[in-house]
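Shown next, in structure tokens, is the structure this report addresses.
The values are calculated or read from the model by the stated rules, or taken from the named source; none is laboratory data. Because the structure is predicted, anything quoted here is derived from the model rather than measured. Backbone-built Cβ (ideal geometry, glycine too); neighbour counts: all protein chains shown. Keep in mind that these areas ignore ligands, DNA and RNA; they rest on the heavy atoms of the full protein, side chains included. Shrake-Rupley method; radii C 1.70, N 1.55, O 1.52, S 1.80 Å.
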Amino acid sequence: MIEKALKGGRGYWAWVAFLLVVIGIGVTAYARQMTIGLGVTGMGRDISWGVYIAQFTFLVGVAASAVMLVLPYYLHNQKAFSKIVIVGEFLAVSAALMCMLFILADMGRPDRVLNVLLYPSPHSMVFWDVMVLNGYLFLNLISGWAVLGAERKGVAPAPWVKALIYLSIPWAFSIHTVTAFLFAGLPGRHLWLTAVLAPRFLASAFAAGTAILILITFILKKVAKFDAGPEARLKLSVLASYAGLANLFFLGTEFFTAFYSNIPAHMHSLQYLFFGLEGHAPLVPWMWFSLITGIISVGVLLSPPLRRKNGALIAACIGLVVSIWIDKGMGLVFGGFVPTPLEAIVDYMPTATEISVTLGIWAIGLLVLTMLLKTAIAVKTQE
């Protein structure tokens, strides 16, 4: 079926060519990083996770969002999602692929990545994160491709396919939970040392990922004349609104715990992010923009009259995605390193090399997603 992705109009090939150019720039930047070392990035001893891990953290949530379609469609027989459940599965494939590429980009010696599998350390959260990400990638790729192939032939999928689909549902929860435990298991970082980090990760994942799915349905309707239907978008907007509300609630509990307890170690990171700390406030405008945008977007999604208007729905989904991307990226990752265990305040600024590599990896993910969706739409349209 993949040959269907090799057919398209001028606009399609212009998009593919643009992505290939961005990938080329990213590969060049990564080659420079491999030659010189991680010193070309803005990371260092005090802030050892930067823009790469920030993107990884956000995209794990996007990958997990596929369950918001798979669960109601396969377990609760919600036929409204019949056209776009494959979109969610293929979005999970591209997001999981980007997650692993960002991990490789963050490693100083990516040639040693196989040591995680050759010499497993079950006590390490990194080992489990690699396992669940790879497993989730192949679960969605194999089950999605098998279902699409069965639809093309006009037959029911094999019984083993549904078994993989059912397995992918708890697996989706596991990938973001394990990622949250990666952060929460570091006792020297007080912003991450919280029991609600995993639920907060899941809430933000289902909010941002579902919003991205809604935006993809609008894009497909515009460029491919493939309409998932207003009912599917309406149901997804309800799910995104409740998940977004839960995410804001968990953020509020973090503020209450830190400032009501008045424990300096728990207050400093949030002060640095939202109010500035000892004259350092590079992220304050970003975090307030994220918070205000998130509140407004959730408010629009919670209003039935507003979310039924396409313009308001698109704006709210974009706002929710941007809000969570800032919060889980710059806020959670960068802010978690400030102050350091020695009470130093070190600001982080990504370099041009990091940004180029980041854009290149995003372009790889978008190219994979484009080709998978091109194939899926061609099959469903033919059907």
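Please enumerate the residues belonging to the range 158-197 that are within 18 Å of the chain's Cα centre (by Cα), open to solvent by less than 70 Å² (accessible area, probe 1.4 Å) and touching a residue at least 60 places away in the same chain (Cβ under 8 Å). Full working, then the answer.
Going residue by residue through the range 158-197, those that are within 18 Å of the chain's Cα centre (by Cα) are 168-183, 197.
Then drop every residue that is not open to solvent by less than 70 Å² (accessible area, probe 1.4 Å), which leaves 168-169, 172, 174-180, 182-183, 197.
S168, I169, A172, I175, H176, T179, F183, listed by residue number.
Return the residue satisfying two criteria in turn: it lies in the range 224-244 and is assigned to a loop (DSSP other than H, G, I, E, B) and among the aliphatic types (A, V, I, L, M), and of such residues it is least open to solvent (accessible area, probe 1.4 Å). Here the residue is A228. Among the residues here, R189 does not qualify as of a type in the set (K, R), under 30 Å from T340 (Cβ atoms) and touching an Asp or Glu at 6+ places or on another chain (Cβ under 9 Å).
Results for (1) farther than 22 Å from A172 by Cβ; (2) crowded, with 20+ Cβ neighbours inside 10 Å; (3) without any contact (Cβ under 8 Å) to a residue 40 or more places away in the chain; (4) aromatic (F, W, Y), shown as yes or no for each residue.
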position: M100; (1), (2), (3), (4): no, no, yes, no
position: G108; (1), (2), (3), (4): yes, no, no, no
position: R112; (1), (2), (3), (4): yes, no, yes, no
position: P120; (1), (2), (3), (4): yes, no, yes, no
position: M125; (1), (2), (3), (4): no, no, no, no
position: S143; (1), (2), (3), (4): no, yes, no, no
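Answer yes or no: is there a residue in the range 333-348 that is surrounded by 21 or more Cβ atoms within 10 Å (Cβ to Cβ) and free of Cβ contacts under 8 Å to residues at least 40 places away in the same chain. No, that holds for no residue.
If you go through the range 151-170 and keep only what is among the charged types (D, E, K, R) and in contact with an Asp or Glu (Cβ under 9 Å, 6 or more places away or on another chain), you end up with E151, R152.
Scanning the range 1-49 for residues being hydroxyl-bearing (S, T, Y), surrounded by fewer than 17 Cβ atoms within 10 Å (Cβ to Cβ) and under 30 Å from A344 (Cβ atoms) gives a total of 1. Under the condition of being in contact with a helix residue (DSSP H, G or I) (Cβ under 7 Å, 6 or more places away or on another chain) and farther than 19 Å from V178 by Cβ, the residues counted in the range 103-128 number 3.
In the range 65-86, the residues that are under 22 Å from T370 (Cβ atoms) form Cβ pairs under 6 Å with partners that are in a loop (DSSP other than H, G, I, E, B), at six or more places apart or across chains, as follows: K83/A228; I84/A228.
Might you check whether a residue that is β-branched (V, I, T) and under 20 Å from the mean Cα position of the chain (by Cα) occurs anywhere in the range 331-345?
Pass one, the range 331-345, residues β-branched (V, I, T): 333, 338, 340, 345.
From what is left, the residues that are under 20 Å from the mean Cα position of the chain (by Cα) are 333.
Yes.
Filtering the range 131-172 to residues that are among the aliphatic types (A, V, I, L, M) and not in a helix (DSSP H, G or I) leaves V155, A156, A158. For the range 158-177, the set of residues classified as closer than 11 Å to V70 by Cβ and among the hydroxyl-bearing types (S, T, Y) consists of Y166, S168, listed by residue number.
Yes or no, residue by residue, for (1) free of Cβ contacts under 8 Å to residues at least 24 places away in the same chain; (2) under 23 Å from H176 (Cβ atoms):
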position: Y30; (1), (2): no, no
position: T35; (1), (2): yes, no
position: G39; (1), (2): yes, no
position: G42; (1), (2): no, no
position: V51; (1), (2): no, yes
position: V60; (1), (2): no, yes
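Just one residue in the set E254, E278 is over 24 Å from G319 (Cα atoms) and touching a residue at least 12 places away in the same chain (Cβ under 8 Å); that residue is E278.
W325 meets the stated requirement of being open to solvent by 30 Å² or more (accessible area, probe 1.4 Å) and closer than 22 Å to A184 by Cα.
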